[in-house]
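Step one of this worksheet: look at the structure below.
None of the figures in this text is laboratory data; all of them are computed from the coordinates on show. Because the structure is a prediction, the values reported are computed rather than measured. In this analysis, Cβ positions are derived from the backbone assuming ideal geometry, glycine residues included, and neighbour counts consider all displayed protein chains.
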Amino acid sequence: MKYSLSLSVVPLLLSVASAAVAGRPKPEFKSYDGYKVFRVPVGSDASKVSGIVNKLGLTTWKGAPRAGAFADIVVPPTELAAFSKEIAGMDAVTMHDDLGASIAEESTFQTYAAGAVNSTWFNSYHAYADHLQFLRDLQAQYPTQSEIVTSGKSLNGNPITGIRIWGTGKGKPAVVFHGTVHAREWVSTMTVEYMAYNLLTNYASSSEIKGFVDKYDFYVFPVVNPDGFLYTQTNDRMWRKNRQSTSGSTCIGHDINRNWPYQWSVSGGASTNPCAQDFKGLAQGDAPETAALAAWLKTTKANQGIKLFIDYHSYSQLFMTPYGYSCTAVATKNTEFQALAKGAVAAIKAVYGTTYDYGPICTTIYKATGSSVDYVNDVIGADYTFTAELRDTGNYGFVLPANQILPTATESFAGVRYLLLNMK
Ligand code: 0X9
Ligand code: ZN
């Protein structure tokens, strides 16, 4: 159903949070009750698993099935019997036995009392309005070294809101973190928020953190796709794209991370089908969010320089470098990027033993055109550009239990710390 976000956001959000607690989701909230999610080894010939997915009209969580990889497949109750028959003998593992139940558990948001910023924030996921309040409260607690910033507006007019953090004076080179460009990747929101929280709350007590914050201006944007994120909390937890329509199609959404105006026309790294999860848009930069973020990055680069940019996603536990658009093009600073990525994943692992792989996007995950990292590296010219896929590797995927938020964020900070200590 369609409705005006601006008029209905607050009551809907409140009701989603309380409905989840009461076990009565709103009728417009897509039910995943009885849906199962399976992780299926694809084997050497991807056409077999692709064939099953297409025949039964199923969706996958991490792109089309690829040879030698796993396919994470969402199966509605109506297709379960047929699916089980098709995958007999294939060593499938169940990720979610009841996706609806997993979502209900995950969506039991802790009440947030405005004003009280402390680490309990990271014990649960939160409604969008509370994320904005958290940023305002954090800023209010450190009024002389932070300010609320926006990098433009979403299609539906939601400001892309962030917090700017500085130490001895503002105007130093920027370190920029983006979260939640893909609406359903909720742990990325919390992880990016943790960066801001950690920098501000430890500035006074840690000389190391003081050193970071005195050297750079940190710009932390937890939700760069607010329309999509809101939609995951009001209508469909599994929404990925923005909420843009496309003429000639009834399908909604452009993938903001396939829409950046660089190497956008290269084929094979995005879809031209408006119904696809990775729809690239009709023209480069035609997603208002992509255009706004690109313009903001340009201005920020011109004003103060950009030292580091990281785009946080989930899931797969990867720490990646340019490029996504080509598996043969090599970034000018590739040797240094790989050394830094290697160090970052070692630092991540040292905290709780979590294993990340690293490497260029195209050879590490898949070919992706019009993605943020390629644009920020080659067009903006940030000194260092990375993108992370956070936890996990396929037990829970996008619906990661809340008790993994703080560990995910904590180890992620260790990766950032390594970069801040080792970038030239
Ligand atoms: O498909 C994507 O955009 C990323 N995977 S995800 O499941 N989070 O959607 C991988 C591409 C990585 N590129 C950038 N993050 N820039
Ligand atoms: Zn993503």
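A few notes on this one:
- Computed from the alpha carbon atoms alone, the convex hull of the stretch 185-336 holds 145 Å³ per residue.
- Amide hydrogen proximity for residue 153: with H placed 1.01 Å from N in the peptide plane, the residues at 5 or more positions away or on another chain lying under 5 Å are 160.
- Simple Cβ-charge dipole of the stretch 35-120, Lys/Arg +1 and Asp/Glu -1, about Cα centre, in debye nearest 20: 300 debye
- Between the residues 360, 300, 326, the greatest Cα displacement towards the positive end of the dipole of the stretch 227-361, with unit charges on the Cβ of Lys, Arg, Asp and Glu, is found for 300.
- Here the average projected area of the convex hull drawn through the C-alpha atoms of the stretch 286-357 stands at 6.7 nm².
- Rg(Cα) / (2.2 N^0.38 Å) computed for the stretch 102-208, rounded to two decimals: 1.11
- At 0.890 mPa s and 25 °C, Stokes D of the stretch 327-424 from Kirkwood alpha-carbon radius, µm² per second: 169 µm²/s
- Taking the inverse of the mean reciprocal distance over all distinct Cα pairs, the Kirkwood hydrodynamic radius of the stretch 222-301 comes to 13.0 Å.
- Once you divide the Cα radius of gyration of the chain by 2.2 N^0.38 Å, the number left is 0.94.
- Placing +1 on each Lys and Arg Cβ and -1 on each Asp and Glu Cβ, with no other charges, gives the chain a dipole about its Cα centre of roughly 560 debye.
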